[in-house]
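K.L.:
If you scroll down you'll find the structure; I have some questions about it.
Bear in mind these aren't lab numbers, they're just calculated from the coordinates by the rules spelled out. What you are looking at is a predicted structure, and each value in this text was computed from that prediction instead of being measured. Cβ: placed from backbone, ideal geometry, glycine included. Neighbour counts: every protein chain shown.
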Ligand code: ARG
Ligand code: ZN
């Protein structure tokens, strides 16, 4: 059942064109296919096999003559003529019964599809692999007022619509939507002067929440022309919002389908963070048109070819539109919170995995976010010009093809003349490298000696040294930058770099901009960190120095009950007061390491983390900060007030972020008085939700919570916030009971992934609550994962990752976690998705 990269073989047959007719009905949709095949001249023969799952075959024919194929649970085989032939089939499927949300399914009366990675085989028999590409013509017959598919509209009439997509594509990019939908319309003129009709399709009633997505789409289209020279290639571009969706969104050619949470926004219902996320997901899916669709993946092991690159591109986009420094900090926070635990636990896998049982389990932070980091390193190594040349060559050479990481690296080698054979290890070797540093200074010469080491990961005991781009600057003891940023290229396990002609021993600023995704193990003293926090010219490392100080302070509290570090408190106060820093950056200075990261730091030092002690230390540090900033916080809160109409841009949202951070501190002093006022006066969700969070954390807010429910009970996305916040802001003792109570709320719906995540995902994210000593958190999550698995295996398997850190903790917690995992593993009929995940975590 395990698929291996090394087993790749080209398809035996290629597809020339595909004609599909859908006769839509909730319980019995008929799908008629007419597919022109020809033998693949580049394949070594092989049988004719079509994937197909959960299909009822009504009839099949080859070149017009009825055939009786041999059916299995995975597909069919059939004897076929030598040379080209036409395959026809009619199958029946039941979209209404499809709760897995993969293939053709229904979401509140709307037909929609999700085919990546292997959902098309649940729609009809087909070679469902990304290296088989073909143009599609689709006819949809049904009663829905709006019926959409990929490509350009060909015709529409009473009860039917036809679409044609001229660009050859793999089946995973197929999409169909039908339902009662309304459009927010727009248009875009490409740089070569073609007009593209844009539409964001939503349920009637949601029209008022599309403007932001439409604006982001236009911005994305222009950006890709200007920054990458990529122009759009169809007459229309449609986006549809769907309430039940397993992931964020999907880049189907010309017909992107979005989780409604990733597209709908209004100031009253969405926060600034929601707006920013929507902007970046719209961009991400749009950018896939070139990095993913025009150039796709040969097989699913190459997933990072499109995802790592497209994430990197959407990160650049946000950095250009907003603040590059703040975006980098946000991305690294995310990487550390989500990718590092994966890379350092039982689920570790290379950016390009070598085997899988269920590919849906590999849409991971490693493939996406570490995949993007690898591209960032490549760009740093070859420089902006080298990168631009390589990308031009990539689009030129591989347009219309299904490619590999080897193809990708080759364009960089050809465009820049560099040998990337060692760099390729980043795609092959799992695990987070550890980088340690020694320094010496003698006679004006400063020497830095780095040592790199990657701990073993499952299936990979031995690790080789990687190419590490280490961006470095040196500061003089009085705070001047004596060596501006340069990139040291480390290729050995241990390697020294020297700097000459220095008047005094400098202070190093290492890994500026987080130039490589490693754990820097530098036992710097707190004076050096405080110095960098005050003087570093690199905004990322300035932030990083503060972060390290806070981390060490928290760890000292956990270990010895030490009081919060005054150097950190003072350093934060100084930056908060400094108006030369943008508000969003100042707010980032308050972002502490997550409690899970602190647990990992302790585990790295050979200690067993105690979640309750970590919780207590964080609370203590926040209390100390609230006290230390008792005067500054209210002043800054007032200074950050935004007047005039709401705009979710970097400037306004930065101010609101900082004001809300101050409100958190103020609430620790005034017991919630200011927060209650903000809640009462707020006219946008960013202020409303922050005020409610402060109140709940202070053990208050019941009337506000009830009022919020009353006001928003008919808005699903807002209600997801209502569900999630109560758990996120609960105490460690109350988190599990709150989650349990909310699963009994009439509006809790396990079948809706957003609602399931709002409750159970929030519990999994509550470090001290989930890792409760008596195992109640583990048990509750396991109960629900066991219930969800048969209904929606993808979403259930994804949330099983909550257990990936279980071996960090004490014997008692480990026993409870193991019991929960074994209970999941023993569930009769457990899905392939779930079985693979628990199997890896128990191994
Ligand atoms: N390609 C989509 C994106 O990156 C993700 C879709 C993944 N879906 C899945 N079921 N694995 O935006
Ligand atoms: Zn993507």
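K.L.:
Quick one: of the DSSP bridges fully inside the chain, what percent are antiparallel, nearest 5?
P.N.:
Antiparallel bridges make up about 80 percent of those DSSP assigns within the chain.
K.L.:
When the Cα centres of the stretch 231-248 and the stretch 1-65 are compared, how far apart do they sit, in Å?
P.N.:
The stretch 231-248 and the stretch 1-65 have Cα centres spaced 25 Å from each other.
K.L.:
If I fit a long axis through the Cα atoms of helix 811-825 and take the longest principal axis of the Cα atoms of the chain, what angle between them do I get, 0 to 90°, rounded to 10?
P.N.:
Rounded to the nearest ten degrees, it is 10.
K.L.:
Roughly how far apart, in whole Å, are the Cα centres of the stretch 268-293 and the stretch 66-91?
P.N.:
40
K.L.:
Taking other Cβ within 10 Å of each residue's Cβ, how do 82, 385 sort, fewest first?
P.N.:
Values: 82 6, 385 10.
In order of increasing Cβ crowding within 10 Å: 82, 385.
K.L.:
To continue, here is another question. Please work out whether the stretch 446-487 counts as rounded, prolate or oblate from its C-alpha gyration tensor, where a ≥ b ≥ c are the square roots of the eigenvalues and a/c under 1.5 means rounded, while otherwise a/b larger than b/c means prolate and anything else oblate?
P.N.:
It is prolate, given that a/c is not under 1.5 and a/b is the larger ratio.
K.L.:
Taking Cα atoms, how many degrees apart are the long axis of helix 539-560 and the longest axis of the chain, rounded to 10 and kept between 0 and 90?
P.N.:
Tilt relative to the chain: about 70 degrees.
K.L.:
Another question, then. Report, in degrees rounded to the nearest 10, the 0 to 90 angle that the Cα long axis of helix 324-334 makes with the longest principal axis of the chain.
P.N.:
Orientation of helix 324-334: about 80 degrees from the principal axis.
K.L.:
Could you line up 323, 553 from fewest to most neighbouring Cβ atoms inside 10 Å? Please list the in-between numbers first.
P.N.:
Values: 323 20, 553 24.
Fewest to most other Cβ atoms nearby, the residues stand as 323, 553.
K.L.:
Given only helices, namely DSSP H runs of n ≥ 4 each adding -39500 (n - 2.57), what is the per-residue ellipticity at 222 nm of the chain, to the nearest 500 deg cm²/dmol?
P.N.:
Result for the chain: -12500 deg cm²/dmol, rounded to the nearest 500.
K.L.:
How big is the gap, in Å, between the Cα center of the stretch 666-686 and the Cα center of the stretch 146-191?
P.N.:
Result: 46 Å between the Cα centres.
K.L.:
Here's a follow-up. How do 362, 723 rank when sorted from fewest to most other Cβ atoms within 10 Å of their own Cβ?
P.N.:
With the sparsest Cβ surroundings first, the list reads 362, 723.
K.L.:
Turning to a different aspect of this structure: Would you mind classifying the stretch 563-638 by shape? Square roots of the alpha carbon gyration tensor eigenvalues, ordered a ≥ b ≥ c; an a/c under 1.5 is rounded, otherwise it is prolate if a/b is larger than b/c and oblate if not.
P.N.:
Prolate is the answer for the stretch 563-638, as a/c is 1.5 or above and a/b outweighs b/c.
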